[in-house]
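Read the structure below first, then the notes.
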Amino acid sequence: MSGLTAVLDLPNTNRMFFCGSIFFTFAAYMQLYQSANSDSLWPISSAKPRNYLGWRPTDIGWVSSALQFLGTLLFNLNTFNAMSSDLTWIQLDVRVWFPDIIGSIFFLASGYLAFAETCHRHWGWNFKDLSWRIVFSNLLGCLAFMAAAVTAFSIPDTTNLKLQFFSMVMTAIGAGGFFAGALMMLPESTSRSNSKRTENPLN
């Protein structure tokens with residue numbers, strides 16, 4: 001986060017990250033909601049009750065979505081705290097870096113579980129499959145976020161521009177991975193919707 005301050009002023013940079021994290025959390029919640037109601041969202045007229053969060057600890061898809069949602073909440077916390085301009089190095093590490101690193105761990109676990117669910121095993125390579133490309137792109141984004149978080153800690157009376165630049169680049173790569181995954185979800189969602197309409201022509 002600090003690398004962008006070389007181009008933008010600190011307050012506006014941190015506000016930008018915080019605003020972006022809110023959209024991130026909203027998208028993660030929608031995915032969690034979908035996982036919690038995977039058996040009742042279709043057909044749309046289904047009378048089954050909806051769960052706002054759900055509890056499916058044996059469902060790898062739900063666990064992945066729940067971890068991702070928790071990670072985004074921690075990103076909300078760390079980006080909100082980063083808007084304070086008078087933090088000491090220890091306050092930066094506790095209030096900004098620590099939520100960031102824990103949130104990144106949750107994201108990495110979430111990304112791997114989604115990948116394993118799609119592969120139906122611990123690891124697999126199936127580039128021709130659209131769903132595989134989506135979860136692989138997201139997993140790369142999670143790995144990049146993890147690398148950015150690891151190198152974003154504060155050290156007293158020390159400024160390592162190389163680490164700051166590396167963290168900034170990894171953050172951008174991670175965001176790019178998630179954005180690519182989101183774009184690929186558009187044709188996948190259309191394909192699944194058309195398939196379900198074919199299976200349920202009366203709905």
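Derived scalar couplings between HN and Hα for the stretch 15-22 equal 5, 4, 5, 5, 4, x, 5, 5 Hz in order, rounded to whole Hz, by the Karplus curve 6.51 cos²θ - 1.76 cosθ + 1.60 (θ = phi - 60°), x for Gly and Pro.
For the peptides 121-131, 67-77, 167-177, the ranking by packing is 67-77, 167-177, 121-131, with the highest mean count of neighbouring Cβ atoms within 10 Å listed first.
Each eigenvalue of the Cα gyration tensor of the stretch 9-193, multiplied by 5 and square-rooted, gives one semi-axis; in descending order these are 32, 19, 14 Å. Multiplying the residue separation of residue 27 and residue 55 by 0.36 nm and subtracting their alpha-carbon distance yields 8.2 nm. Neighbours of residue 63 by Cβ distance under 15 Å: Lys/Arg scored +1, Asp/Glu scored -1, total -1.
Going from the fewest other Cβ atoms within 10 Å to the most, the residues 22, 134, 155, 101 appear in the order 155, 22, 101, 134.
Each reported figure results from applying straightforward, stated rules to the coordinates on display, with no laboratory input. A quick note: this is a predicted structure, and the numbers were derived from the prediction, not measured. Every residue, glycine as well, gets a Cβ built from its backbone with ideal geometry; the counts of neighbours run over all protein chains shown.
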